[in-house]
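The values are calculated or read from the model by the stated rules, or taken from the named source; none is laboratory data. The shown structure was predicted, so the numbers you read here are calculated from the model rather than taken from an experiment. When we count neighbours, we look across all protein chains shown, and the Cβ atoms used for this are built from the backbone with ideal geometry, even at glycine. These accessible areas exclude ligands, DNA and RNA; they are computed on the full protein's heavy atoms, side chains included. Shrake-Rupley method; radii C 1.70, N 1.55, O 1.52, S 1.80 Å.
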Amino acid sequence: MPRILLILHPNTTEDKAKSLQQKTIYLIRHGETDFNRRGVVQGSGVDSDLNEMGRAQAMAFFQAYQHVPFQKVYISGLQRTYQTVESFIELGIPYEKQTGLNEISWGIMEGKVPGNTDNEYYRNLIESWSSGNTALPTDGGESPDEVAARQKVAIDAILSRPNEETVLVAMHGRAMRILLCWLTAKPLAMMDQFEHSNLCLYKLRYEYGSNTFTIDVANDTSHLLTLALV
């Protein structure tokens with residue numbers, strides 16, 4: 001009688017479940033600050049508050065998305081991100097600071113309103129990054145490569161909790177551009193293709209099986225339309 005060889009795949013059901021598992025990330029930029037309005041460079045070294053418009057933007061976003069069953073809120077170490085999502089936290093949703101989500105350090109430019117020299121410096125810096133030199137740091141600050149390295153620690157922590165299927169992440173403009181680049185496997189030199197504005201939303205879907213991110217919504221500010229009617 002011929003022998004029948006059975007090849008068993010352990011944890012088949014578990015592996016299949018993992019391959020189908022997803023995490024949804026609502027990624028937002030913080031609301032407006034007076035520094036934003038005046039064109040002052042903030043970066044990670046300026047811990048500014050939201051202004052009146054920024055708080056109105058935060059409330060408009062809350063009113064539009066308070067129904068979403070967020071299981072965790074993640075913020076940077078800067079208070080403008082906490083203030084942006086404060087209404088969600090007041091609902092009792094747990095939150096966690098991840099300093100890896102902080103804005104890039106702009107070094108000597110922080111706290112300054114760019115003049116002609118600073119504009120030239122900034123323009124040259126952005127052109128260098130766009131040409132591929134993302135290891136170039138700001139004067140006294142960070143490079144995009146350095147920002148991406150600390151972001152990976154924060155994102156690894158967020159992804160290590162698959163039970164948190166839907167999360168809200170509040171962070172910063174330049175840091176968001178850097179993050180979206182490497183999450184979607186694009187070179188950091190392409191970061192400026194990701195547009196953003198205060199309290200914009202990027203909705204991301206992460207597939208645990210393939211370890212890939214998909215952007216389902218990009219730079220959405222439709223929730224702010226109510227402010228134009230006030």
Requested in this report: Could you pull out the residue among Glu90, Glu110 that is free of Cβ contacts under 8 Å to residues at least 40 places away in the same chain and of a type in the set (Asp, Glu)?
Outcome: Glu90
Query raised in the report: Do you know which of the residues in segment 50-67 that are within 14 Å of Leu201 (Cβ to Cβ) and small (Gly, Ala, Ser) is surrounded by the fewest Cβ atoms within 10 Å (Cβ to Cβ)?
Result: Ala64
Requested in this report: Within segment 85-128, work out how many residues are of a type in the set (Ser, Thr, Tyr), in a helix (DSSP H, G or I) and closer than 25 Å to Lys186 by Cα.
Outcome: 3
Query raised in the report: Of the numbered conditions (1) part of a helix (DSSP H, G or I); (2) crowded, with 20+ Cβ neighbours inside 10 Å, Tyr82 satisfies every one except a single condition; which is it?
Result: (2)
Query raised in the report: Among the numbered criteria (1) open to solvent by less than 20 Å² (accessible area, probe 1.4 Å); (2) farther than 30 Å from Leu225 by Cα, which single criterion is violated by Asn124?
Result: (1)
Report task. Could you please let me know if Thr24 is of a type in the set (Val, Ile, Thr), modelled with pLDDT of 95 or more, touching a Leu at 6+ places or on another chain (Cβ under 8 Å) and surrounded by fewer than 20 Cβ atoms within 10 Å (Cβ to Cβ)? Result -> yes
Query raised in the report: Looking at Thr24, is it assigned to a helix (DSSP H, G or I), of a type in the set (Ser, Thr, Tyr) and in contact with a strand residue (DSSP E or B) (Cβ under 8 Å, 6 or more places away or on another chain)?
Result: no
Report summary line: Only one of (1) aliphatic (A, V, I, L, M); (2) assigned to a loop (DSSP other than H, G, I, E, B); (3) modelled with pLDDT of 95 or more does not apply to Val73, and that is (2)
Report summary line: Heads up, the strands (runs of 3 or more DSSP E) in segment 139-230 (entirely inside) with at least 1 residues that are in contact with a Phe, Trp or Tyr (Cβ under 8 Å, 6 or more places away or on another chain), closer than 25 Å to Ile89 by Cα and open to solvent by 30 Å² or more (accessible area, probe 1.4 Å) are 201-207, 212-220
Query raised in the report: Which condition number in (1) closer than 17 Å to Pro187 by Cα; (2) open to solvent by 50 Å² or more (accessible area, probe 1.4 Å); (3) at pLDDT below 95 is the one that Ser131 fails?
Result: (3)
Report summary line: Restricting segment 68-79 to residues that are of a type in the set (S, T, N, Q) and either in contact with a Gly (Cβ under 7 Å, 6 or more places away or on another chain) or closer than 25 Å to Arg174 by Cα (or both), the one most open to solvent (accessible area, probe 1.4 Å) turns out to be Gln79
Report task. Select from segment 85-112 the residues that are within 26 Å of Val147 (Cα to Cα) and in contact with a strand residue (DSSP E or B) (Cβ under 7 Å, 6 or more places away or on another chain) and write down the one among them that is surrounded by the most Cβ atoms within 10 Å (Cβ to Cβ). Result -> Leu101
Requested in this report: Taking only segment 78-124 into account, find how many residues are under 17 Å from the mean Cα position of the chain (by Cα) and of a type in the set (Ser, Thr, Tyr).
Outcome: 6
